[in-house]
1. With respect to Phe106, is the statement that it is closer than 30 Å to Leu214 by Cβ and among the hydrophobic types (A, V, I, L, M, F, W, C) true?
2. In segment 552-571, how many residues are over 31 Å from the mean Cα position of the chain (by Cα) and not in a helix (DSSP H, G or I)?
3. Give the residue, chosen from Ile531, Ile609, that is modelled with pLDDT of 90 or more and either surrounded by 18 or more Cβ atoms within 10 Å (Cβ to Cβ) or under 46 Å from the mean Cα position of the chain (by Cα) (or both).
4. Check off (1) surrounded by fewer than 22 Cβ atoms within 10 Å (Cβ to Cβ); (2) under 24 Å from Tyr624 (Cβ atoms) for Asp384 and give me the number that stays unchecked.
5. Among the hydrophobic types (A, V, I, L, M, F, W, C), crowded, with 17+ Cβ neighbours inside 10 Å and either more than 23 Å from Asp290 (Cα to Cα) or without any contact (Cβ under 8 Å) to a residue 24 or more places away in the chain (or both): which single residue out of Leu99, Leu119, Leu36, Leu69 fits that description?
6. Limited to segment 134-145, what total is found for residues that are acidic (Asp, Glu) and either under 17 Å from Lys250 (Cβ atoms) or surrounded by 13 or more Cβ atoms within 10 Å (Cβ to Cβ) (or both)?
7. Does segment 202-237 hold any residues that are in a helix (DSSP H, G or I), open to solvent by 30 Å² or more (accessible area, probe 1.4 Å) and in contact with a Ser or Thr (Cβ under 8 Å, 6 or more places away or on another chain), and which are they?
8. Considering only segment 518-528, how many residues are in a helix (DSSP H, G or I) and open to solvent by less than 90 Å² (accessible area, probe 1.4 Å)?
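The values are calculated or read from the model by the stated rules, or taken from the named source; none is laboratory data. For clarity, every value in this text was computed on a predicted model and none was experimentally measured. When we count neighbours, we look across all protein chains shown, and the Cβ atoms used for this are built from the backbone with ideal geometry, even at glycine. Keep in mind that these areas ignore ligands, DNA and RNA; they rest on the heavy atoms of the full protein, side chains included. Shrake-Rupley method; radii C 1.70, N 1.55, O 1.52, S 1.80 Å.
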Amino acid sequence: MAVTKMEKVTLISDKRNQETILQAVQGIQNVEIRDLFQETVNNQWVETYFPDAATFDKEVKLSALENRLLKIRDAIQFIEHHGEHQQKKLHLKRKEVSLKELEENFSEEGFSRKIQETLDLKKQWEDLSVKRERLEEEEEWLTNWQNLDAVPRNFSSKKTAFSMGTIGTTNFEGFKEELQQIDDVYMEEINYTPKAVYLAYVTLGTTAPQVDELASRYGFAKEKYPYEKAPKEVLREVKEKLDTISAQQKKLSSAVGQCSGYIQEFEWVEEVTLAVAEREKIKERFVHADYLIVLQGWVDTEEKAELTKVLQESLSEEEVYLSFEAPTTDEIQQEVPTKLKNHPIVAPFELLTEMYSLPKYEEVDPTPWMTPFYLVFFGMMVADVGYGLLMLIGTILAQKLFVLPRGMKRFVQFFEILSVPSMIWGLIYSSFFGQALPKEIFGINLPFPILSTTDDVNTILILSVVFGLIQILVGLFVSAKEHLKHKEYLNAVSEGFAWQGILIGIVIALIGAMLLKNTAFVYIGAGLAIIAAICIIAVPIIQSPSKVKGAAKGAYNLYGLTGYIGDLVSYTRLMALGISGGSIGAAFNMLVAFMPPAARFSVGILLIIALHALNMFLTLLSAYVHGARLQYVEFFGKFYTGGGRAFNPLKTAEKYVNINHKKNNK
């Protein structure tokens, strides 16, 4: 397959049908709504026919929806964090539903009651938490002063002054010595900490200024005592209040735990709210006249019938006008989005193309061309039957046991497919978790290894370069094919066929000189390469008004042959990574094998699992990254530009469920 052909769909209907239409379009998730008020495309008719069309104010409705989402998320988080641990907090299990089923299967009245009940409990908890925090601060302060036996205000009079506070431990001894030299002062040390000394002193009013000046010099920090009772008595009362709050919070936690069953309903309503919010955001893109709405969008040509069918199920033919038209040249250049559609085996590899850049609307989709090479390269770099088998089992179980989010499902399918070449190359290299496969089973001789990672390193190296050469030749073929499609015949020669000729000619000459020892092959290869090189130089001369500049450009293009040498060298990583992963696995096996039997079958089992898990992770990561790099740099660079805009249909968030409109028919 390739880039999907798009058509522009126009819908006109009574304003009262707005929600029905948007819900139907959102349910199939295959229509991207156009912005009819953007000036860069063919939207002049809007101002011509609807000069007084009302602008849609989405802020009020979106603000209310966002407020509801915040309440839901606060309620779920509160139940999870503060409910009793014994209560099971079950979340919504992902499943497939239709949008209609999603929006019908909840009670607005029941939800409002439950969310208010939960938020009321949250408010009570927060009030208790504020009181608890304040009392804990009081408790900490009183704990430091609990050895003060009297109420400070009882010692203050017209003739005496009472002071309490803290002083740094480093200054305390000096302050104490000087204070002892002053008459009519009584000081008591209340508490000690590593950094400060808590103390109180009583002095006559006549000497109070002198003592205060001394205390100030030594950094004495005065504190006020705000209570009528002694610290110990107040501390006891504070602890009693804290115990009361703890009991109240425990009781409240039990009530919160009873709300655990609300989580699934809250998540369901959150999904509904997110879907409604998406519809609200899109309303500013289409025309709102007095009695009707006009909206346009992009739809996959193959999905036209499905869109028509869904709308007819919701509205009669008289209630909605529907038309389709091919995009104009300007729309193709500026607006039409890119949607890829490939065979189920190829489709998961679209994520690699998306990571690089989507093709433009009329550009070739590189995914089908890249997929077979990525399969071979990934398998060659992993090359272990055991690792591939684990990937296959893990991905199959994940798809069987869970309804995965769409993005996650594609990623899992991606590795499910890659497990097959990993096992095939594991058989070729004879590697099962780094261990060599048996050469004989039940008297039957097995051909493993077909290629030995120790004895056939040069063969594997040459094979890696050969695979790289084949991919480069395919890339040049695609480049030539695309130029021919656009009737750019000279460019097809200079940027595709001629480079193929040079590379093939060099290969033929090398085979003739090094393997066949046949001069005829050498002459044929050299002749083919020379003719192709002349074409690369000649085409710019033909195309350029200045023949000198054309010749210079052609010579510079020919210098690009050095880049192809670098590209071929890059493919040697296929050999290096394939051998290194297996060697590391074998080294881990050897490490455990050297352990004493008792340790080998106890700690050794855990160790070998951990080591192979690490090696598998690093091997898969390396194969994933370096395989992608070979596609992006060595392959895409030959024919692919990218820069397309991704198709962005009106759809739901699918945070908790997958939307499948075909569920309506079940």
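1. When the stated conditions are applied, Phe106 does not pass them.
2. Matching residues across segment 552-571 total 1.
3. Ile609
4. Tallying (1) surrounded by fewer than 22 Cβ atoms within 10 Å (Cβ to Cβ); (2) under 24 Å from Tyr624 (Cβ atoms), Asp384 fails exactly one: (1).
5. Leu99
6. Going residue by residue through segment 134-145, those that are acidic (Asp, Glu) are 136-140.
Narrowing further to those that are either under 17 Å from Lys250 (Cβ atoms) or surrounded by 13 or more Cβ atoms within 10 Å (Cβ to Cβ) (or both): 136, 138-139.
Here the count works out to 3.
7. Asp212
8. Final tally of qualifying residues: 7.
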